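The values are calculated or read from the model by the stated rules, or taken from the named source; none is laboratory data. Quantities reported herein were computed from a predicted structural model and do not represent experimental measurements. Neighbour counts are summed over all protein chains in view; Cβ atoms, including those assigned to glycine, are modelled from backbone coordinates with ideal geometry.
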Amino acid sequence: MDSGGLPRPVVIFGADDDAVVGSNPIGRRGRSTERSMPGGNWMYRALLIGPVACAVIGGAAGVCLAMLYRQEPNERAHVYLDDSLPLLAGGAVLGCLAGLCIFAACRRWPWVRSGLTVLVMTVLGAGIAAPFGWIAGDMGRERMPREGMAVGAAIGAAGGLASGAVQLLIDLLRRRAERGVAADRPRD
């Protein structure tokens, strides 16, 4: 317990503010303690864009590989689970390992977090939309699943880039507002 009677946050990789994974978000009187915690919330973006989002991206990449190279030739938009599951699991593990590197980079150099957030959101959008493009491309009269996947990935990447840009703008505005509030506080 710390001096305020609240449990200390759980920490990964050291005692930095960026490394805090979680703690009890409810204070003694049932109020949220988000203001008292560094960063304003109990789940930091470095963890979300690191192992979590990158594992999803890796899994999506594994599924896309299965769709491209393990498709049932006699059926439309069909991949057996036995063919796709090992690639999904392998991609998720490799993505999580890459995400740990991103998490470590965000912890070491906090100023790269915003740029990595935009990058990860862009790739995540592409990874989510690519299978839908594959399905759409394979359902037409002319079966073109590869082209459909490329179009789906491009549309998803554009959506992810737009979402990342909006998040970057929100971060910049929030940082300016925090500086303004800090400047208005009386100093002892």
Every residue from the range 159-168 that is buried (at least 21 other Cβ atoms within 10 Å of the Cβ) and free of Cβ contacts under 8 Å to residues at least 40 places away in the same chain = G160
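Within the range 113-143, how many residues are over 24 Å from G99 (Cα atoms), modelled with pLDDT of 85 or more and of a type outside the set (G, A, S)?
If we filter the range 113-143 for residues that are over 24 Å from G99 (Cα atoms), which is where we start, we get 132-143.
Next, only the ones that are modelled with pLDDT of 85 or more stay: 132-137.
Retained after the next criterion (residues that are of a type outside the set (G, A, S)): 132, 134-135.
Matching residues across the range 113-143 total 3.
Taking helices (runs of 4 or more DSSP H) that fall entirely within the range 42-158, which contain at least 3 residues that are surrounded by fewer than 20 Cβ atoms within 10 Å (Cβ to Cβ) and touching a helix residue (DSSP H, G or I) at 6+ places or on another chain (Cβ under 6 Å)? Lay out the reasoning, then the answer.
Details: elements: 53-69, 81-108, 113-139.
In the range 42-158, the matching helices (runs of 4 or more DSSP H) lie at 81-108, 113-139.
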remark   = Selection from the range 71-104 of residues modelled with pLDDT under 85 and either acidic (D, E) or in contact with a Leu (Cβ under 9 Å, 6 or more places away or on another chain) (or both) yields E72, E75, D83
task = Identify the single condition in (1) farther than 25 Å from I170 by Cβ; (2) touching a residue at least 60 places away in the same chain (Cβ under 8 Å) that D82 does not satisfy, given that it satisfies every other one.
result = (2)
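Scan R143, R113 and give me the residue that is more than 20 Å from G160 (Cα to Cα), charged (D, E, K, R) and in the same structural domain as L172 (by TED's automatic domain parsing).
Numbers: R113 fails: more than 20 Å from G160 (Cα to Cα).
After applying the criteria, what remains is R143.
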query = Among I135, I102, which is the only one that is of a type in the set (V, I, T) and under 14 Å from the mean Cα position of the chain (by Cα)?
reply = I102
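With among the aliphatic types (A, V, I, L, M) and either closer than 20 Å to R70 by Cα or outside the structural domain of V118 (by TED's automatic domain parsing) (or both) as the only criterion, which of A153, A177, A157, A162 stands out? Before the answer, list the steps.
Details: A177 fails: either closer than 20 Å to R70 by Cα or outside the structural domain of V118 (by TED's automatic domain parsing) (or both); A157 fails: either closer than 20 Å to R70 by Cα or outside the structural domain of V118 (by TED's automatic domain parsing) (or both); A162 fails: either closer than 20 Å to R70 by Cα or outside the structural domain of V118 (by TED's automatic domain parsing) (or both).
A153 is the lone residue from the list that is among the aliphatic types (A, V, I, L, M) and either closer than 20 Å to R70 by Cα or outside the structural domain of V118 (by TED's automatic domain parsing) (or both).
Would you check if L168 is within 26 Å of the chain's Cα centre (by Cα), over 21 Å from G58 (Cα atoms) and not small (G, A, S)? First the steps, then the outcome.
Numbers: within 26 Å of the chain's Cα centre (by Cα): yes; over 21 Å from G58 (Cα atoms): yes; not small (G, A, S): yes.
Criteria met by L168.
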